[in-house]
Amino acid sequence: MAKVYSNKSNLSTISSSSNSSISSNSYMSPRREIFTLWMKSLVYHGNGCTVYDSKGQIVYRIDNYNIKRSKEVHLMDSNGRVLFSIRNRKVPVFGHWDGYKWSYEGVTSKEIPWFQVKKIHNVLRGDNMNYYNVILGCNQAEANCYNIILGIKLIKIVTQAGRLVAEVKQKQATSGVLFGSDVLTLVVEPHVDHSLVMALVTVCGLIHHKI
């Protein structure tokens, strides 16, 4: 696999390595983390997404092959283990997206989603942004919530109190030059589950028909 450094000004290939495994099972960090998202699959440059950390290691990927607007996609780690399955639930009038978290240490519920994303239809702000509500822990008695603010070239994930959780925007070189529209920067705030953030970013990619 190729190493791509997200904190460098050039998205060129740095070196090759067959080992891009995650060194820890933890997907959280005590500090802010920066990732580079390439909205392509490594499988024949097909549909999907490849995510690199700041050291250029592949950490997440989605391989959707020749299919776009799929009703179900799988977010995997660098070793191909599925972390989340995301399904588009089209129902009369309003649809939503369900996220199912995989567990390799216990039983994974495929009936009750781990999170759910629904569009907020009564928001009138005139800022050309779309707003979505994220319900976390759908299988728990008390669920937490995030909000997603989705624009053409911007994604913000915030708490209900408005605190920033993660942000995605077009990648920019230190010289100020923007990369192509399929190369993005993801910034995740400390003590936030990176895999969950990537699952929510995946939903945004599905909404924009990028995956």
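Per 0.36 nm of contour for each residue apart, how much would the distance between Glu111 and Ser54 grow if the chain were fully extended, relative to their Cα-Cα spacing?
16.9 nm
Gain in length, Val177 to Lys90, computed as 0.36 nm per residue apart minus the alpha-carbon separation, to one decimal in nm?
The span from Val177 to Lys90 would gain 27.4 nm if fully extended.
As an exercise, use a Förster radius of 35 Å and the Cβ-Cβ distance of Lys153 and Val82 to find the FRET efficiency, rounded to the nearest 0.05.
0.75
Provide the gained length on full extension for the span Asn144 to Tyr65, in nm with one decimal, where the gain is 0.36 nm per separating residue minus the Cα-Cα distance.
25.1 nm
Between Ile34 and Ile120, what FRET efficiency follows from the Cβ-Cβ distance if R0 is 35 Å, with the result rounded to 0.05?
About 0.80, to the nearest 0.05.
Determine, from the Cβ-Cβ distance of Leu42 and Ala161 and an R0 of 45 Å, the FRET efficiency 1/(1 + (r/R0)^6), rounded to the nearest 0.05.
0.75
Tell me the accessible surface of Trp38 in square angstrom (1.4 angstrom probe, heavy atoms of protein chains only), to the nearest ten.
Estimated to the nearest 10 Å², Trp38 gives 50 Å².
Can you give the log10 of the normalised intensity I(q)/I(0) at q = 0.17 Å⁻¹, computed with Debye over equal Cα scatterers of the range 138-211?
For the range 138-211, the Cα-only Debye profile gives -0.70.
The values are calculated or read from the model by the stated rules, or taken from the named source; none is laboratory data. All values derive from a computational prediction rather than experimental measurement. Cβ: placed from backbone, ideal geometry, glycine included. Neighbour counts: every protein chain shown. Calculation scope for accessible area: heavy atoms of the full protein, side chains included, ligands and nucleic acids excluded. Shrake-Rupley method; radii C 1.70, N 1.55, O 1.52, S 1.80 Å.
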